[in-house]
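Note sheet for the following structure.
The values are calculated or read from the model by the stated rules, or taken from the named source; none is laboratory data. These numbers come from a predicted model, not from an experiment. Heads up, the Cβs are rebuilt from the backbone with ideal geometry, glycines too, and the neighbour counts pull from every protein chain shown. For accessibility, only protein heavy atoms count, side chains too; no ligands or nucleic acids. Shrake-Rupley method; radii C 1.70, N 1.55, O 1.52, S 1.80 Å.
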Amino acid sequence: MSFLDVLYFIIPSAIYYAAPLIMTAIGGVFTERSGVVNIGLEGVMIIGAFSSIVFNLKYAATLGGWTPWVGLLVALAVGAVFSLILAVAAVSFRADQTVAGVALNLLGLAVAVFSIKMIYDKGQTDSISERFSRFDIPVLKDIPLLGKMFFTDVYGTSIFAIVVAFIAWFIIYKTPFGLRLRSVGEHPMAADTMGVNVTKMRYIAVMISGALGGIGGAIYAQAIAGNFSATTISGQGFMALAAMIFGKWHPLGALGAALFFGLAQSLSIAGASIPYVKDVPQVILLILPYVLTILALAGFIGKAKAPKASGTPYIKGKR
Amino acid sequence: MSKRVVNILVPLISIVLGLIIGAIVMLISGFNPVDGYIALWNGVFGSSYNMGETVRQITPYVFAGLAVAFAFRTGLFNIGVEGQLIVGWLAAAYVGSAFELPKIIHLPLALLAAAAAGALWAFIPGLLKAKLQVHEVIVTIMMNYIALHVANATISALSDGGDKTEKIHDSASLRSPFFESLTDYSRLHWGFLIALIAVLIMWFILEKTTQGYELKSVGFNQNASEYAGMNVSKNIILAMVISGAFAGLGGAMEGLGTFGNITKMTGFTGIGFDGIAVALLGANQPFGVLLGAILFGGLKNGGLNMPNEAGIPVEIVSIVIALIIFFVASGYIIRVGLDRLSKKKKEGK
């Protein structure tokens, strides 16, 4: 394989693996920017993957090619509702946010597998018939070099994820809502004094992350896995969390980090057929995202700093 | 109501609420919750085999709970127990199978290797926290995944591409033919005695030593401790290392007792995450952790009987456990509720 062939092969594959991570990491950016730590992204993704697969299996015959896209909407709604559990615990009940997130992860997996066993009487669903499909983008695909790299055999979900990242950047940095969101995450008391409803902002942020995390899980399930079992989502939520931190709590940073982690993931899966990469032990590629995140946190790759109030419940009147 | 009573009531109410919602879930799914909980009860106490298996299940939970609780007492949140447990398990299985030594040396050596591996895995987040103020929660989560992948790669290398390591030698084994015959050939092993000793050790360190006092003090207020002349970073690292050692020993229970080797894993064991629940329920007290481990070990092992006897998927137990964690974490609202209740009573009089 020539170097160019490798690029043609690996770049689409990296974007393909990155799409669910981008979605979920952007969701993480919203919550953390509002001052709520969301360790429960993994659980949210599981619920999203589960609900989209169940929907897909049930309605594929009636909806045809649109099924996976409607499945995303279903996952969006289910994810947002599911994340309310975290919002209630972390914002209203002043629970330790990390512990509540851990509970969310356990609950997501348990509820999903329990329901699968109830509905299908077995631990794993059948494969879905209507998956996300690839297509070539007209005109753009004819650009030399880049066309073959970025615009042939693309998944709609990948484009969708990248667009969402830019929209998130616009919302967080260019709108009044985004300014309030960030102020609530940095200094909730000051925001409260200025008339921003801290509780409301945090509820909205957690639900946005639930919606995006749900979509992330649904993309993974309907584009990559093709079915649902207890191990369909195994660590993608935490990898999205890592991408959010590696991207320094910034939507476009998270986008870049998620693309990079997608590359590491696709290399670890397809690396055996690529020259040079096949000499690298697979384990190195598998642990790379996590090692890089630790290094980023430690300040070796630019200092990553969390929003100031992230992780602390806001108690009115407390200094 | 006195503070002490409230502190005991909050976990109890959480457990009851968890079980009630579990029952509601069973009702909605078309099962009889009474049958379900009877099956759970029988899964714990129904036969000597089940009782032996339950105690075996409790053993690693005690270690995982102690690990989380010990870090909590120093103001640290160790979510990395899962990873520390895996590397401890791997180290124990390796030392158990690679060397041939007399039992009196081999078994302690294998346990020590597990504790050291867990301690090393926790040392990294401890060091980063102490020296660079990096939040330990994220680092320990990342370390979990690194542990999982590194362990799988090591198992592969040790077994020439196989899926599991060789069985450990008898000289490193915690298995006990006596307990096995006593409990109808369950996998009950000597580990539970080591777990009880570990509970005492944690109590002793925290309550009876100067070092333990320093650790708790750093957990309460870092600045005050620093002004009092304590070395805060040293205490943070030490707390993580001790916590990791407990977690590593938990892995040794699986490696030297239950399984006698280590198999490649597609996902986490879950013991480390359940350890968070155990520690919270036990209010981070050593003896509380023991009680928490007994409850969750009982639930986990008893739950295995629910599909057979009542036809209910075993995940219902995980739902109940997650709910209990949720309610314990939301203790604030339960306290408010209790407060209102006791005030009403007073007014009534």
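For the reader, a short list of remarks on this structure follows.
- Single condition residue B:4 does not satisfy, out of (1) modelled with pLDDT of 90 or more; (2) farther than 30 Å from residue B:164 by Cα: (1)
- Residue B:297 vs. criteria assigned by TED's automatic domain parsing to the domain that holds residue B:127, within 27 Å of residue A:101 (Cα to Cα) and either in a helix (DSSP H, G or I) or among the basic types (Lys, Arg) (or both): yes
Conditions (1) open to solvent by 20 Å² or more (accessible area, probe 1.4 Å); (2) assigned to a helix (DSSP H, G or I); (3) under 24 Å from residue B:325 (Cα atoms), marked per residue:
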{"site": "A:52", "(1), (2), (3)": "no, yes, no"}
{"site": "A:56", "(1), (2), (3)": "no, yes, no"}
{"site": "A:62", "(1), (2), (3)": "yes, yes, no"}
{"site": "A:65", "(1), (2), (3)": "yes, yes, no"}
{"site": "A:70", "(1), (2), (3)": "yes, yes, no"}
{"site": "A:74", "(1), (2), (3)": "yes, yes, no"}
{"site": "A:79", "(1), (2), (3)": "no, yes, yes"}
{"site": "A:85", "(1), (2), (3)": "yes, yes, yes"}
{"site": "A:89", "(1), (2), (3)": "no, yes, yes"}
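- Checked against (1) at pLDDT below 90; (2) closer than 20 Å to residue B:128 by Cβ; (3) open to solvent by less than 20 Å² (accessible area, probe 1.4 Å), residue B:106 passes all but a single condition, namely (2).
- Scanning segment A:228-251 finds one or more residues that are of a type outside the set (Lys, Arg), away from every other protein chain (no Cβ under 14 Å) and assigned to a helix (DSSP H, G or I).
- For residue B:276: the one exception among (1) at the interface with chain A (Cβ under 9 Å from one of its Cβ atoms); (2) within 20 Å of the chain's Cα centre (by Cα); (3) more than 13 Å from residue B:63 (Cα to Cα); (4) assigned to a helix (DSSP H, G or I): (3)
- Only a single criterion out of (1) over 23 Å from residue B:212 (Cβ atoms); (2) assigned to a helix (DSSP H, G or I); (3) open to solvent by less than 50 Å² (accessible area, probe 1.4 Å) is not satisfied by residue B:121, namely (1).
- Scanning segment B:279-289 for residues being buried (at least 23 other Cβ atoms within 10 Å of the Cβ) and in a helix (DSSP H, G or I) gives a total of 5.
- Only one of A:193, A:152 that is within 24 Å of residue A:314 (Cα to Cα) and at pLDDT below 90: A:193
- Residue count for segment A:181-213 satisfying the condition of being closer than 25 Å to residue A:44 by Cα and in contact with a helix residue (DSSP H, G or I) (Cβ under 7 Å, 6 or more places away or on another chain): 18.
- Qualifying residue in segment B:250-265 (condition: in a helix (DSSP H, G or I) and closer than 18 Å to residue B:139 by Cβ): no
- Residue B:91 vs. criteria surrounded by fewer than 24 Cβ atoms within 10 Å (Cβ to Cβ), among the small types (Gly, Ala, Ser) and part of a helix (DSSP H, G or I): no
- When residue B:314 is tested against (1) open to solvent by 20 Å² or more (accessible area, probe 1.4 Å); (2) away from chain A (no Cβ under 12 Å); (3) of a type outside the set (Lys, Arg), only condition (2) is not met.
- Residues located in segment A:210-227, provided they are open to solvent by 10 Å² or more (accessible area, probe 1.4 Å) and outside any helix (DSSP H, G or I): A:227
- Test for residue A:101: is it within 12 Å of chain B (Cβ to nearest Cβ), touching a residue at least 24 places away in the same chain (Cβ under 8 Å) and surrounded by fewer than 18 Cβ atoms within 10 Å (Cβ to Cβ): no
- Among the conditions (1) away from chain B (no Cβ under 14 Å); (2) in contact (Cβ under 8 Å) with a residue 60 or more places away in the chain, residue A:59 misses just one, which is (2).
- Segment A:254-283, subset open to solvent by 10 Å² or more (accessible area, probe 1.4 Å) and closer than 17 Å to residue A:216 by Cβ, residue nearest to the chain's Cα centre (by Cα): A:255
- Candidate set: segment B:204-237, residues that are of a type in the set (A, V, I, L, M, F, W, C), in contact (Cβ under 8 Å) with a residue 60 or more places away in the chain and under 18 Å from residue B:133 (Cα atoms); chosen: the one most open to solvent (accessible area, probe 1.4 Å): B:220
- Helices (runs of 4 or more DSSP H) fully within segment B:163-248 counting 3 or more residues that are small (Gly, Ala, Ser): B:191-208, B:210-220
- Filter result for residue A:223 (in contact with a strand residue (DSSP E or B) (Cβ under 8 Å, 6 or more places away or on another chain) and either within 14 Å of another protein chain (Cβ to nearest Cβ) or not acidic (Asp, Glu) (or both)): yes
- When residues of segment B:128-162 are limited to those that are open to solvent by 40 Å² or more (accessible area, probe 1.4 Å) and not in a helix (DSSP H, G or I), the one nearest to the other protein chains (Cβ to nearest Cβ): B:135
- Total residues in segment B:20-34 satisfying the condition of being farther than 17 Å from residue B:323 by Cα and more than 10 Å from chain A (Cβ to nearest Cβ): the figure is 2.
- Among the residues of segment A:115-154, those identified as aromatic (Phe, Trp, Tyr), open to solvent by 30 Å² or more (accessible area, probe 1.4 Å) and more than 30 Å from residue B:316 (Cα to Cα) are A:135, A:150, A:151.
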